[in-house]
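Encoded as C-alpha coordinates, the structure appears first; notes follow it.
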Amino acid sequence: MARIRELWRYPVASVGGESVDEIMVGAKGVDGDREYMLVDLVSGEIAAPEKLARWRPALELVAFHRDGGVLAGPAWSANFSDPALDDRLSTHFGFPCGIRRLGAVIEIGSGPVMIQSRYDVSPLHIVSSAAIEELQTSVPGAILDVRRFRPNIVVDDVFRDDEVAGRPFTAGVLKGTMTEATKRCGMTMIPQIGLPEDPEILRTIVRKRARCFGVYATVSEAATISVGDKFCFVDPD
(Lines give C-alpha, C1' and ligand atoms only; values in the text may rest on other atoms or scores of the structure.)
Protein backbone atom coordinates (compact mmCIF):
# COMPACT_ATOMS: atom_id res chain seq x y z
CA MET A 1 0.00 0.00 0.00
CA ALA A 2 1.42 3.37 -1.06
CA ARG A 3 1.56 6.21 1.44
CA ILE A 4 2.09 9.94 1.60
CA ARG A 5 5.79 10.52 2.11
CA GLU A 6 5.90 14.34 2.26
CA LEU A 7 3.52 17.32 2.35
CA TRP A 8 4.48 20.84 1.25
CA ARG A 9 2.94 24.31 1.43
CA TYR A 10 4.19 27.47 -0.31
CA PRO A 11 2.66 30.52 1.43
CA VAL A 12 4.38 32.85 -1.06
CA ALA A 13 4.49 31.85 -4.72
CA SER A 14 7.95 31.55 -6.29
CA VAL A 15 9.85 31.36 -2.98
CA GLY A 16 10.82 28.32 -0.93
CA GLY A 17 8.07 26.50 0.94
CA GLU A 18 7.70 24.47 4.12
CA SER A 19 7.56 20.75 4.69
CA VAL A 20 4.68 19.96 7.06
CA ASP A 21 3.25 16.90 8.79
CA GLU A 22 -0.40 17.78 8.14
CA ILE A 23 -2.37 20.01 5.78
CA MET A 24 -5.98 20.91 5.09
CA VAL A 25 -6.89 20.54 1.41
CA GLY A 26 -10.05 21.91 -0.17
CA ALA A 27 -11.45 22.63 -3.61
CA LYS A 28 -9.03 25.55 -4.04
CA GLY A 29 -6.02 23.57 -2.86
CA VAL A 30 -3.89 23.51 0.27
CA ASP A 31 -4.94 25.91 3.01
CA GLY A 32 -2.47 28.80 3.04
CA ASP A 33 -0.79 27.79 -0.22
CA ARG A 34 0.36 30.54 -2.60
CA GLU A 35 -1.89 33.14 -1.01
CA TYR A 36 0.80 35.80 -1.49
CA MET A 37 2.72 36.93 -4.55
CA LEU A 38 6.16 38.50 -4.73
CA VAL A 39 5.76 41.68 -6.76
CA ASP A 40 7.76 44.58 -8.22
CA LEU A 41 6.26 47.61 -6.48
CA VAL A 42 7.12 49.96 -9.37
CA SER A 43 5.93 47.98 -12.40
CA GLY A 44 3.49 45.58 -10.75
CA GLU A 45 5.31 42.62 -12.30
CA ILE A 46 4.80 39.31 -10.49
CA ALA A 47 8.00 37.38 -9.73
CA ALA A 48 9.08 34.84 -12.36
CA PRO A 49 12.41 33.37 -11.22
CA GLU A 50 12.22 30.61 -13.83
CA LYS A 51 12.23 33.24 -16.60
CA LEU A 52 13.97 36.37 -15.34
CA ALA A 53 17.41 36.45 -13.70
CA ARG A 54 16.53 39.42 -11.49
CA TRP A 55 13.96 37.28 -9.66
CA ARG A 56 16.29 34.32 -9.06
CA PRO A 57 17.12 35.42 -5.48
CA ALA A 58 13.51 34.44 -4.66
CA LEU A 59 14.73 30.87 -4.11
CA GLU A 60 17.04 32.14 -1.36
CA LEU A 61 13.90 32.91 0.65
CA VAL A 62 11.62 30.52 2.56
CA ALA A 63 8.03 31.23 3.61
CA PHE A 64 6.19 29.72 6.59
CA HIS A 65 2.46 29.73 7.38
CA ARG A 66 2.90 30.08 11.16
CA ASP A 67 2.25 33.27 13.14
CA GLY A 68 0.27 34.87 10.34
CA GLY A 69 3.07 34.23 7.84
CA VAL A 70 6.84 34.47 8.22
CA LEU A 71 9.38 35.09 5.46
CA ALA A 72 13.00 34.15 6.10
CA GLY A 73 15.96 35.52 4.18
CA PRO A 74 19.65 34.59 4.28
CA ALA A 75 20.24 36.41 7.58
CA TRP A 76 16.82 37.68 8.69
CA SER A 77 13.17 36.76 9.16
CA ALA A 78 10.06 38.90 9.35
CA ASN A 79 6.31 38.51 9.65
CA PHE A 80 4.31 39.22 6.52
CA SER A 81 2.76 42.17 8.38
CA ASP A 82 6.11 43.72 9.33
CA PRO A 83 6.29 47.26 7.84
CA ALA A 84 10.03 46.75 7.27
CA LEU A 85 9.54 43.67 5.07
CA ASP A 86 9.33 45.67 1.82
CA ASP A 87 12.69 47.29 2.62
CA ARG A 88 14.28 43.93 3.41
CA LEU A 89 13.03 42.44 0.16
CA SER A 90 14.01 45.49 -1.87
CA THR A 91 17.55 45.24 -0.49
CA HIS A 92 17.61 41.51 -1.19
CA PHE A 93 16.59 41.91 -4.84
CA GLY A 94 18.12 45.30 -5.59
CA PHE A 95 14.86 46.95 -6.68
CA PRO A 96 11.59 47.93 -4.94
CA CYS A 97 9.51 44.84 -4.22
CA GLY A 98 7.34 43.22 -1.59
CA ILE A 99 4.77 40.50 -1.02
CA ARG A 100 1.07 41.15 -1.43
CA ARG A 101 -1.96 38.94 -0.92
CA LEU A 102 -3.86 37.72 -3.97
CA GLY A 103 -6.60 40.19 -4.81
CA ALA A 104 -4.84 43.14 -3.19
CA VAL A 105 -4.53 46.36 -5.22
CA ILE A 106 -1.30 48.33 -5.47
CA GLU A 107 -0.73 51.72 -7.05
CA ILE A 108 1.92 51.99 -9.76
CA GLY A 109 2.67 54.77 -12.23
CA SER A 110 0.00 53.69 -14.71
CA GLY A 111 -2.67 53.32 -12.02
CA PRO A 112 -4.06 50.60 -9.72
CA VAL A 113 -3.09 46.97 -10.37
CA MET A 114 -4.74 43.94 -8.79
CA ILE A 115 -2.38 41.17 -7.65
CA GLN A 116 -3.18 37.97 -9.52
CA SER A 117 -1.57 34.56 -9.77
CA ARG A 118 0.47 33.87 -12.88
CA TYR A 119 -0.84 30.30 -12.91
CA ASP A 120 -4.23 28.79 -12.22
CA VAL A 121 -3.76 25.30 -13.65
CA SER A 122 -4.82 23.15 -10.72
CA PRO A 123 -5.31 23.33 -6.95
CA LEU A 124 -3.03 20.37 -6.16
CA HIS A 125 0.31 19.06 -7.40
CA ILE A 126 1.44 15.47 -6.75
CA VAL A 127 4.84 13.89 -7.38
CA SER A 128 5.87 10.25 -7.01
CA SER A 129 9.07 9.58 -5.10
CA ALA A 130 9.58 6.61 -7.41
CA ALA A 131 9.58 8.99 -10.38
CA ILE A 132 12.29 11.07 -8.70
CA GLU A 133 14.37 7.93 -8.17
CA GLU A 134 13.86 6.93 -11.80
CA LEU A 135 14.88 10.37 -13.02
CA GLN A 136 17.98 10.20 -10.83
CA THR A 137 19.24 7.24 -12.84
CA SER A 138 19.18 9.44 -15.96
CA VAL A 139 21.04 12.32 -14.29
CA PRO A 140 23.24 10.51 -11.76
CA GLY A 141 25.31 13.58 -10.98
CA ALA A 142 22.31 15.80 -10.17
CA ILE A 143 20.91 16.64 -6.75
CA LEU A 144 17.24 15.77 -7.23
CA ASP A 145 15.85 17.33 -4.09
CA VAL A 146 12.03 17.35 -4.10
CA ARG A 147 12.15 21.15 -3.69
CA ARG A 148 13.08 21.45 -7.36
CA PHE A 149 9.58 20.20 -8.29
CA ARG A 150 7.50 22.16 -5.75
CA PRO A 151 4.79 19.54 -5.10
CA ASN A 152 2.11 19.66 -2.43
CA ILE A 153 2.07 15.89 -1.99
CA VAL A 154 4.88 13.36 -2.46
CA VAL A 155 3.71 9.76 -2.55
CA ASP A 156 5.74 6.56 -2.68
CA ASP A 157 3.45 5.01 -5.29
CA VAL A 158 4.71 4.11 -8.77
CA PHE A 159 2.78 5.59 -11.68
CA ARG A 160 3.48 7.27 -15.00
CA ASP A 161 2.45 10.90 -15.18
CA ASP A 162 1.06 10.48 -18.69
CA GLU A 163 -1.13 7.49 -17.80
CA VAL A 164 -3.15 8.66 -14.80
CA ALA A 165 -5.17 11.61 -16.13
CA GLY A 166 -8.81 11.15 -15.15
CA ARG A 167 -8.11 8.57 -12.45
CA PRO A 168 -9.76 9.08 -9.04
CA PHE A 169 -7.61 8.61 -5.95
CA THR A 170 -7.76 8.81 -2.19
CA ALA A 171 -5.06 10.23 0.07
CA GLY A 172 -6.06 9.46 3.62
CA VAL A 173 -9.67 10.65 3.72
CA LEU A 174 -9.09 13.11 0.87
CA LYS A 175 -10.81 12.31 -2.43
CA GLY A 176 -9.60 13.70 -5.72
CA THR A 177 -8.95 13.14 -9.40
CA MET A 178 -5.72 13.32 -11.40
CA THR A 179 -6.18 15.83 -14.22
CA GLU A 180 -3.02 16.22 -16.30
CA ALA A 181 0.74 15.73 -16.28
CA THR A 182 2.75 18.73 -15.06
CA LYS A 183 4.68 20.57 -17.77
CA ARG A 184 8.05 21.62 -16.37
CA CYS A 185 9.80 24.98 -16.56
CA GLY A 186 13.17 26.42 -15.56
CA MET A 187 12.30 26.25 -11.85
CA THR A 188 13.59 22.65 -11.84
CA MET A 189 17.13 23.73 -12.68
CA ILE A 190 17.73 27.11 -11.04
CA PRO A 191 19.77 27.28 -7.82
CA GLN A 192 18.17 27.49 -4.41
CA ILE A 193 19.29 26.96 -0.85
CA GLY A 194 21.70 24.01 -0.87
CA LEU A 195 21.03 23.19 -4.53
CA PRO A 196 23.25 24.26 -7.44
CA GLU A 197 22.04 25.31 -10.88
CA ASP A 198 21.70 22.24 -13.08
CA PRO A 199 20.26 22.67 -16.61
CA GLU A 200 20.68 18.95 -17.29
CA ILE A 201 17.69 18.19 -15.07
CA LEU A 202 15.25 20.07 -17.32
CA ARG A 203 16.98 18.84 -20.48
CA THR A 204 16.51 15.24 -19.31
CA ILE A 205 12.83 15.78 -18.41
CA VAL A 206 12.25 17.27 -21.86
CA ARG A 207 14.14 14.48 -23.64
CA LYS A 208 12.87 11.48 -21.69
CA ARG A 209 9.49 12.57 -20.31
CA ALA A 210 8.09 14.98 -22.92
CA ARG A 211 8.73 17.86 -20.48
CA CYS A 212 6.33 16.37 -17.90
CA PHE A 213 7.09 15.43 -14.31
CA GLY A 214 4.36 15.12 -11.68
CA VAL A 215 0.59 15.36 -11.94
CA TYR A 216 -2.01 18.03 -11.27
CA ALA A 217 -5.17 17.05 -9.43
CA THR A 218 -8.53 18.37 -8.28
CA VAL A 219 -10.26 17.71 -4.97
CA SER A 220 -13.86 16.54 -4.62
CA GLU A 221 -14.10 16.47 -0.82
CA ALA A 222 -12.09 18.70 1.51
CA ALA A 223 -10.09 16.95 4.20
CA THR A 224 -7.05 17.11 6.44
CA ILE A 225 -4.27 14.72 5.42
CA SER A 226 -1.05 13.70 7.13
CA VAL A 227 2.32 12.23 6.27
CA GLY A 228 1.95 8.45 6.43
CA ASP A 229 -1.67 8.39 5.22
CA LYS A 230 -2.52 5.75 2.64
CA PHE A 231 -2.60 6.75 -1.03
CA CYS A 232 -4.33 4.70 -3.70
CA PHE A 233 -6.12 4.92 -7.02
CA VAL A 234 -9.75 3.85 -6.95
CA ASP A 235 -12.07 2.49 -9.61
CA PRO A 236 -14.62 5.08 -10.78
CA ASP A 237 -18.22 4.47 -9.79
Practice item. Using R₀ = 45 Å, calculate the FRET efficiency as 1/(1 + (r/R₀)^6) where r is the Cβ-Cβ separation of LYS51 and LYS175; round to 0.05. Key: 0.80
Study note, to complete from the structure: Dividing the mean separation of Cα pairs under 8 Å (6+ apart) by the residue count of the stretch 70-128 yields a relative contact order in percent of 16 percent
Revision key, fill the gap. Distance in Å, no decimals, from the C-alpha centre of the stretch 129-191 to the one of the stretch 1-21 is 12 Å
Point to revise | Rounded, prolate or oblate (a/c below 1.5 giving rounded, otherwise prolate when a/b exceeds b/c) for the stretch 101-237 by Cα gyration tensor | key: oblate
Exercise for review: Counting helices only, and only those DSSP H runs with n ≥ 4, report the 222 nm mean residue ellipticity of the chain as the sum of -39,500 (n - 2.57) divided by its residues, in deg cm²/dmol to the nearest 500.
Suggested key: -3500 deg cm²/dmol
Exercise for review: Evaluate the relative contact order of the chain (contact order divided by residue number), counting alpha-carbon pairs under 8 angstrom at least 6 apart; express in whole percent.
Suggested key: 26 percent
Exercise for review: Please find the FRET efficiency linking LEU102 to ALA130, where r is the Cβ-Cβ separation and R0 is fixed at 35 Å, and quote it to the nearest 0.05.
Suggested key: 0.55
Point to revise | Chain lengthening between THR91 and ARG207 when straightened (0.36 nm per residue, less Cα-Cα) | key: 37.9 nm
Check your understanding: Which value, in Å² rounded to 10, gives the accessible area of ARG209 with a 1.4 Å probe and all protein chains present?
Key -> 40 Å²
Revision key, fill the gap. Over the chain, with neighbouring protein chains present, the accessible area per residue in Å² at probe 1.4 Å is 47 Å²
Check your understanding: If you take the beta carbon distance between SER19 and ALA75 as r and set R0 to 30 Å, what does 1/(1 + (r/R0)^6) give as a FRET efficiency, to the nearest 0.05?
Key -> 0.85
Check your understanding: On the accessible surface of the chain, probed at 1.4 Å, how many percent belong to carbon and sulfur atoms?
Key -> 50 percent
Practice item. Answer rounded, prolate or oblate for the chain, using the Cα gyration tensor with square roots of eigenvalues a ≥ b ≥ c: rounded when a/c is under 1.5, else prolate when a/b is larger than b/c, else oblate. Key: prolate
Check your understanding: With a sphere of radius 12 Å drawn around the Cβ of LEU89, what net charge do the other residues whose Cβ falls strictly inside it have (Lys, Arg +1; Asp, Glu -1)?
Key -> -3
Study note, to complete from the structure: Judged on accessible area alone, 1.4 Å probe, highest first, MET1, MET24, MET187 line up as MET1, MET24, MET187
Review point. With every protein chain kept in the model, how would you rank VAL206, VAL127, VAL20 by accessible area, 1.4 Å probe, largest at the top?
Key: VAL206, VAL20, VAL127
Revision key, fill the gap. Note, the stretch 37-51: 3J(HN,Hα) by Karplus (6.51, -1.76, 1.60, θ = phi - 60°), whole Hz, Gly/Pro = x, goes 10, 8, 9, 6, 7, 9, 9, x, 5, 7, 3, 9, x, 6, 10
Check your understanding: For labels at VAL42 and GLU221 in the simple 7 Å Cα→Cβ model, what's the distance in nm?
Key -> 5.3 nm
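The values are calculated or read from the model by the stated rules, or taken from the named source; none is laboratory data. Predicted model only: the values in this text are computed from it and were never measured. We place every Cβ from the backbone using ideal geometry, glycine too, and count neighbours over all the protein chains shown. Accessible surface areas use protein heavy atoms only, side chains included; no ligands, DNA or RNA. Shrake-Rupley method; radii C 1.70, N 1.55, O 1.52, S 1.80 Å.
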